[in-house]
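The values are calculated or read from the model by the stated rules, or taken from the named source; none is laboratory data. Just so it is clear, the structure is predicted and the values come from calculations on it, not from any experiment. In this analysis, Cβ positions are derived from the backbone assuming ideal geometry, glycine residues included, and neighbour counts consider all displayed protein chains.
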Amino acid sequence: MKKLFPKTNMFEEAKRQSDGKIFILEILIFVGVFLVTGIISSLPSLVYSMSVIMKKPEVLDLINQFTSGAITQEEYTAEFTRLSTDKFSTVLALFCTGITTILVIVFCRFIEKRKISTMGFRKKGAALEYLVGALVGIVMYTFAVGLAYAAGALTFDGVVSNIQWGFIALCFAGFLIQGMSEEVLCRGYFMVSLSRRSHIIAAVVISSVAFGCLHLANPGVSALAIINITLFGIFEGVYILKRGNIWGVCAIHSLWNFVQGNFYGISVSGAYDLDSVVKFSNVPSKDLFNGGQFGLEASIPVSVVLVIAIIATALTKTNANELFDEANAPMIESAVEESDVEITEPVVEDQ
């Protein structure tokens, strides 16, 4: 196991800089951080959605239908979401996830007393790591689409006419922010925090299960959807262990979501149906292979892709630049200290 997952600097630095908490307490704190950051980051979108709703008289009629029992809870939720959502609210929600990233970084830095480097924000090779991760995310999702199409679970409807390039560009920027926010929360913060007292594999699995649970309320969610999102989390966790930084998984996550919704026109985790470049449609009788309402992430093709990706990543070499050297630990710690720029007042010696 040590040969597959040797120690890397970011995890060892986290242990040295701050004592870990007991297993249950780490989970409870994570739940609290998730709830607080989620509420704060959703406020701008909520305010905008309420302003949209107030301008639509049909909302009152919808509420009356629901209270009288004329429509079901599911029908009410779907129609209310449709009425309160437009293109701007979708983009706004994606951009607002950046608030979560900022709040989690502040929490780790000032509450957990961990340096930003322990969250995987390493300077060396960051741009290349991000570009490679972006390519990995695109290839992985495209492979899943190919498997579903070969299985006859998807039909290709062609290139979309009147492509909304401006909206797609905004979504691209939004998904770059959104993908990073979930990785910073679940991997950069939670997984690394767990690893301070737990075995690294346990930290990967537990943080991935938590990541899967974050999607339990998504429209069209199924058991396979949660399993696949958990597998995605495990893949991302193993990728960080091998690369020693968070840039790659941020890119994988962001580009996976972007090509899913804005290139292939497939529902993103049941939450987003977006303008796209091309369009694929589900074959109704093959939900196991296309994911149904939730999208391809709730399908067997994605399961296959993720299992292959986990195994392939686990067997790759660990980034030699990020391997932790026990013998040179004091030297490494000193280098990390010096790399952080701090503003201090000048010291005036007594004459």
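Q164 fulfils the conditions (1) over 20 Å from the mean Cα position of the chain (by Cα); (2) of a type outside the set (S, T, Y); (3) within 30 Å of I300 (Cβ to Cβ) except for a single criterion, (3). Within segment 288-297, identify whether any single residue is at pLDDT 95 or above, farther than 24 Å from R187 by Cβ, out of contact with any His (no Cβ under 6 Å at 6 or more places or on another chain) and surrounded by fewer than 19 Cβ atoms within 10 Å (Cβ to Cβ), and answer yes or no. Yes; the residues of segment 288-297 include at least one that is at pLDDT 95 or above, farther than 24 Å from R187 by Cβ, out of contact with any His (no Cβ under 6 Å at 6 or more places or on another chain) and surrounded by fewer than 19 Cβ atoms within 10 Å (Cβ to Cβ).
Looking at segment 153-191 only, could you name the residues that are assigned to a loop (DSSP other than H, G, I, E, B) and either at pLDDT 95 or above or among the hydrophobic types (A, V, I, L, M, F, W, C) (or both)? Steps first, answer last, please.
Residues of segment 153-191 assigned to a loop (DSSP other than H, G, I, E, B): 153, 160-164.
Across segment 153-191, the qualifying residues are A153, V160, I163.
Residues that are aliphatic (A, V, I, L, M) and crowded, with 20+ Cβ neighbours inside 10 Å were ranked within segment 113-146; the one that is farthest from the chain's Cα centre (by Cα) is V145. Of the set (1) out of contact with any Gly (no Cβ under 6 Å at 6 or more places or on another chain); (2) crowded, with 17+ Cβ neighbours inside 10 Å, all apply to K21 but (2).
The sole residue among V47, V33 that is assigned to a helix (DSSP H, G or I) and buried (at least 16 other Cβ atoms within 10 Å of the Cβ) is V33.
Among the conditions (1) more than 22 Å from S198 (Cα to Cα); (2) in a loop (DSSP other than H, G, I, E, B); (3) not hydroxyl-bearing (S, T, Y), the only one that K113 does not satisfy is (1). Scanning segment 213-234 for residues that are free of Cβ contacts under 8 Å to residues at least 24 places away in the same chain and part of a helix (DSSP H, G or I) returns C213, A223, I226, T230. Screening G158 with (1) within 16 Å of the chain's Cα centre (by Cα); (2) surrounded by fewer than 21 Cβ atoms within 10 Å (Cβ to Cβ); (3) at positive phi gives one miss only, at (1).
Does segment 73-83 contain any residue that is in contact with a Leu (Cβ under 7 Å, 6 or more places away or on another chain) and either under 22 Å from Q178 (Cα atoms) or in contact (Cβ under 8 Å) with a residue 60 or more places away in the chain (or both)? The answer is no, given that none of the residues of segment 73-83 is in contact with a Leu (Cβ under 7 Å, 6 or more places away or on another chain) and either under 22 Å from Q178 (Cα atoms) or in contact (Cβ under 8 Å) with a residue 60 or more places away in the chain (or both). The set of residues in segment 19-30 being more than 24 Å from the chain's Cα centre (by Cα) and either among the acidic types (D, E) or assigned to a helix (DSSP H, G or I) (or both) consists of D19 alone. Taking the conditions (1) part of a helix (DSSP H, G or I); (2) out of contact with any helix residue (DSSP H, G or I) (no Cβ under 7 Å at 6 or more places or on another chain) in turn, C108 satisfies each one other than (2).
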